[in-house]
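The values are calculated or read from the model by the stated rules, or taken from the named source; none is laboratory data. Remember, it's a predicted structure, so these values are computed and weren't measured experimentally. Cβ placement follows ideal geometry from the backbone for every residue including glycine, while neighbour counts extend to all protein chains displayed.
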Amino acid sequence: MAISKTISTVHGFTAKDAYIRIEDIKIIGKDRIETVARFYLSADKPSFGEQPLSCLYDLEGHNPIKQAYLHLKSLPEFADAVDC
């Protein structure tokens, strides 16, 4: 599971259709997920950036990974991301 979108870094680098993957998931208690969204030029290249994420976790909902992706895609800066 991953998403794709154009990412621009603070250093002026732009990656068109960057591959974005949720990694390092930690479930905190019964209601929180902490994770990292890592950015790649493609799935087989080293990462060039990351963004820490934290969101609510619903024990009765989707699996934690899917919930983290849904949260990521709900953020304004990732709203136009597409599944890949």
Take the residues in the stretch 15-37 that are in a strand (DSSP E or B) and basic (Lys, Arg), then tell me which one is farthest from Leu53 (Cα to Cα).
Lys16
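Quick one: count up the residues across the stretch 46-84 that are in contact (Cβ under 8 Å) with a residue 60 or more places away in the chain, of a type outside the set (D, E, K, R) and either surrounded by fewer than 18 Cβ atoms within 10 Å (Cβ to Cβ) or under 16 Å from Ile7 (Cα atoms) (or both).
Residues in the stretch 46-84 being in contact (Cβ under 8 Å) with a residue 60 or more places away in the chain, of a type outside the set (D, E, K, R) and either surrounded by fewer than 18 Cβ atoms within 10 Å (Cβ to Cβ) or under 16 Å from Ile7 (Cα atoms) (or both): 6 in total.
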From (1) farther than 18 Å from Ile7 by Cβ; (2) of a type in the set (Lys, Arg); (3) at pLDDT 95 or above, pick out the condition that doesn't hold for Lys30.
(3)
Could you tell me how many of the residues in the stretch 47-84 are in a strand (DSSP E or B) and not β-branched (Val, Ile, Thr)?
11
Which residue pairs have Cβ atoms under 6 Å apart, sit 6 or more places apart or on different chains, and have a first residue in the stretch 9-22 that is surrounded by 10 or more Cβ atoms within 10 Å (Cβ to Cβ) and a second that is modelled with pLDDT of 95 or more and aromatic (Phe, Trp, Tyr)?
Ala18/Phe39; Tyr19/Tyr40; Ile20/Phe39; Ile22/Tyr69
Filtering the stretch 24-45 for residues that are in contact with an Asp or Glu (Cβ under 9 Å, 6 or more places away or on another chain), among the charged types (D, E, K, R) and without any contact (Cβ under 8 Å) to a residue 24 or more places away in the chain leaves a count of 4
